[in-house]
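Read the structure below first, then the notes.
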Amino acid sequence: RQRAAHGRRHEEARTLDGHRVEVAANLGNTAHAADAVERGAEAIGLLRTEFVFMGHPQLPDLETQIAEYREAFDALGGRPLVARTLDVGGDKPLPYWPVGQEDNPFLGLRGIRLTLTRPEVLETQLRALLMAAGTRPLRIMFPMVKDIEEFRAGKALFDRVQAEVKAADVQLGVMIEVPSCALLAPTLAKEADFFSIGTNDLTQYTLAIDRGHPQLSAQSDAIHPAVLRLIQLTVEAAHAEGRWVGVCGELGSDPQAVPVLVGLGVDELSVSSRRVPLVKARIRELTLVQAREMAALALRQPTSAAVREALEAF
Ligand code: PEP
Ligand code: MG
């Protein structure tokens with residue numbers, strides 16, 4: 001089975017009834033982009049740019065960032081790159097950008113909230129991304145956005161940079177990682193070009209369980225019906241405005257969850273590179289009709305365990 005999946009890794013993934021779902025790779029290191037393409041990734045669906053920053057003893061300057069982003073674009077051969085702007089704080093410390101003592105770092109200065117405190121850092125990053133892209137497809141998204149206000153603040157910076165450095169093919173999107181954003185997706189979808197659902201943080205904030213908690217993380221299963229409902233709201237809101245939606249959290253490569261996400265209408269799954277062939281193979285096993293039935297079944301369950309049982313029995 002694994003060998004068959006490997007053999008077809010460069011083909012696009014379509015369900016048995018012809019519905020296409022894009023399968024992309026999550027990346028921390030731009031030097032791994034060529035490997036992702038080799039494994040069949042149709043795009044980089046999440047470049048965790050904080051790793052670019054962590055690889056340097058101090059804030060990387062414009063030129064340094066351009067060189068690293070360019071490396072990813074060069075390897076992609078025209079495939080899109082979805083770059084998340086610097087996501088520091090919470091579980092992602094950056095030694096030379098200390099956030100200070102916080103009682104609840106996961107509810108503190110992190111993601112877009114943190115970068116907006118130093119707009120010049122965000123501006124340099126946006127400039128580097130646009131300059132590295134040139135004519136190649138670039139998608140930029142902000143992490144940990146809670147509502148339209150933060151998106152607009154980031155977009156104002158982006159618009160300023162874009163007026164100077166014109167990239168030919170660029171979209172600006174939002175990561176859906178905070179429940180408020182999923183609930184307010186209809187408003188966001190009017191102004192953002194796309195959504196990418198970060199199910200790792202979305203699950204953490206929906207179930208109120210620390211994603212890395214040694215005792216509790218086993219109880220924090222992203223296939224939880226509450227999380228699935230937020231995904232459903234997000235997809236419906238996006239599609240109503242003609243926007244696309246990806247899933248870039250771990251749930252996207254969970255074999256039981258793939259049919260559910262496809263059935264909910266997710267357009268792109270971004271997963272770790274080595275899982276790309278298997279996720280494509282999983283999509284090819286189903287019809288969209290079946291996937292929709294599985295999604296409906298999952299949404300009716302009361303707990304994540306019940307979702308898994310119901311899907312197993314389907
Ligand atoms: C997520 O939260 O699901 C996500 C993709 O981002 P990260 O895991 O880097 O927080
Ligand atoms: Mg996250």
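Filtering the range 114-125 for residues that are without any contact (Cβ under 8 Å) to a residue 60 or more places away in the chain and within 16 Å of ligand 1 (Cβ to nearest atom) leaves a non-empty set. The residue list VAL161, VAL178, VAL165, VAL170 contains one member that is in contact (Cβ under 8 Å) with a residue 12 or more places away in the chain and touching a strand residue (DSSP E or B) at 6+ places or on another chain (Cβ under 6 Å), which is VAL170.
Counting only residues that are in contact with a Ser or Thr (Cβ under 9 Å, 6 or more places away or on another chain) and either more than 10 Å from ligand 1 (Cβ to nearest atom) or without any contact (Cβ under 8 Å) to a residue 40 or more places away in the chain (or both), the range 189-198 holds 2 of them. The residues of the range 6-31 that are buried (at least 17 other Cβ atoms within 10 Å of the Cβ) and closer than 24 Å to ALA128 by Cβ, listed by number, are ALA24, ALA25, ASN26, LEU27, THR30.
Listed here are the residues, each with its yes/no results for (1) farther than 26 Å from PHE151 by Cβ; (2) at pLDDT 95 or above; (3) surrounded by fewer than 24 Cβ atoms within 10 Å (Cβ to Cβ).
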residue	(1), (2), (3)
ARG39	yes, yes, yes
ILE66	no, yes, yes
ALA75	yes, yes, yes
VAL82	no, yes, no
ASP91	no, no, yes
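For MET131, the conditions (1) under 19 Å from the mean Cα position of the chain (by Cα); (2) over 18 Å from ILE231 (Cα atoms) all hold with the exception of (1). For the range 222-235, the condition of being outside any strand (DSSP E or B), over 14 Å from the mean Cα position of the chain (by Cα) and either of a type in the set (Asp, Glu) or closer than 30 Å to TYR69 by Cα (or both) holds for none of the residues.
Here the condition is being surrounded by fewer than 19 Cβ atoms within 10 Å (Cβ to Cβ) and within 16 Å of ligand 1 (Cβ to nearest atom); of ASP221, ASP201, ASP210, it holds for ASP210 alone.
Being within 15 Å of ligand 2 (Cβ to nearest atom) and polar (S, T, N, Q) narrows it down to one residue among SER270, SER253; which is it? Only one candidate passes the filter, namely SER270.
Please give the helices (runs of 4 or more DSSP H) falling wholly within the range 1-90 in which 2 or more residues are within 16 Å of ligand 2 (Cβ to nearest atom).
The helices (runs of 4 or more DSSP H) meeting that bar are 50-54.
Considering only residues in the range 267-291 that are touching a Pro at 6+ places or on another chain (Cβ under 9 Å) and crowded, with 17+ Cβ neighbours inside 10 Å, the one that is nearest to GLY45 (Cα to Cα) turns out to be VAL279.
The values are calculated or read from the model by the stated rules, or taken from the named source; none is laboratory data. What you are looking at is a predicted structure, and each value in this text was computed from that prediction instead of being measured. Because the Cβ atoms are built from the backbone with ideal geometry, glycine has one as well, and the counts that use them run over all protein chains shown.
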